[in-house]
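Only one structure is covered here, and it is reproduced in the block below.
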Amino acid sequence: SEMRPARAGGPDELALCDGAAALIVGNGGEGDEVAAEVEAVYSWTEDFIDRWRLPGEDQVSAGDAKFIQDYGYVRQTAATVEGLLAGAGATREDVGRVLIYAPDARTHAAICRKLGFPADAYPELPLVARMGDAGAAAPLLVLSEALQSAEPGEHILIAGHGSGGDAFLLRATDRVAELKERRGVAWCAGRARPISNYGKFLRSRELVAGEELNIFSSPSILWKESRQTMRLMAGKCRGCGEIQFPRQRLCTNCNARDDWDEVKLGRLGTIYTFVHDHLPPSPDGYVTMASVDIEGGGRLYGQMTDCDKETVSVGAPVEMTFRLLHKGEGYYNYYWKFRPAE
């Protein structure tokens, strides 16, 4: 994951983007069903200063851009790819797709020219040109996007950069087709919403001081109630079948006492009612709270996210997403929020 702060108004403010990606790695045993198999790995290091941030500094610093491009990204990535091909005994014709890290579209094009693969081996429009420089998260982001359109048997070369480089040669398996319908990079990019003004951007990045709330939070309560709050385990009345969250001693429908079965709350629902609360501090100037009828039973009250005020309406379908709720007592508190469903 990567979230690098940049100087306000500087070029990095436009060039950098936040990103995160994670992959599940198999153990290589028989019957281990994976979407892609690792056929070769190459890694090397070289002391090379390009970008850095000293302790106590808020922004990223960088050296001479032309020197870093030619002798850093281009030269080092070429050496990484050559090392991988030599170690794997592979040629450029064996590789169907080439994925590389670059901080911008111009550097990406320069690296591609240096590597010498056929033009159709590279992305038609690299991810960095569409979303910006995601830093350490970029290699896995471009790989996850590529796997969603890969064909079984296709060889994919992916190379990262950083004081040297790391590279992998992967072969897509028959199970790669199962990824086509997953929610990947393209799905996330398609849900992006423009930020209406620069002040809102600064507030969302906490680059300007705002009102602070000291919200109560307790590690002992979080631990004690984690099954309910994190896993959303509700109660289902044995007498009438009413699903209630959070579970109380008395059923709100038939008044039965302490007669519950534990069930997991659904993750989809429709808005029963909502309100835009302008009192708490927020980059948007308001927080939308909604009461949602959960698919399968139960009703949950919580915050809306990833939406504009005009798009919220009674009866609209929503889904749950696990997000940062607040920083009460000086640490991060997470909980479930609602966002518009696909």
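The values are calculated or read from the model by the stated rules, or taken from the named source; none is laboratory data. All of these numbers come straight from a predicted model, not from anything done at the bench. A quick note on method: Cβ atoms are made from the backbone with ideal geometry, for glycine too, and the neighbour counts reach across all protein chains shown.
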* Asked: Hey, any hits in the stretch 102-112 for a residue that's assigned to a helix (DSSP H, G or I), in contact with an Asp or Glu (Cβ under 9 Å, 6 or more places away or on another chain), in contact (Cβ under 8 Å) with a residue 40 or more places away in the chain and not charged (D, E, K, R)?
  -> yes
* Any idea which of Tyr42, Tyr73 is touching a His at 6+ places or on another chain (Cβ under 7 Å), under 20 Å from Ala159 (Cβ atoms) and in the same structural domain as Leu140 (by TED's automatic domain parsing)? -> Tyr73
* Structure fact -> Sole miss for Asp174 among (1) modelled with pLDDT of 90 or more; (2) surrounded by fewer than 15 Cβ atoms within 10 Å (Cβ to Cβ); (3) out of contact with any strand residue (DSSP E or B) (no Cβ under 6 Å at 6 or more places or on another chain); (4) outside the structural domain of Thr80 (by TED's automatic domain parsing) is condition (4)
* **Tally of residues being among the hydroxyl-bearing types (Ser, Thr, Tyr), surrounded by 13 or more Cβ atoms within 10 Å (Cβ to Cβ) and in a loop (DSSP other than H, G, I, E, B) across the stretch 285-342** => 2
* Give me a count of the residues in the stretch 146-163 that are surrounded by fewer than 17 Cβ atoms within 10 Å (Cβ to Cβ) and either of a type in the set (S, T, N, Q) or in a strand (DSSP E or B) (or both). => 2
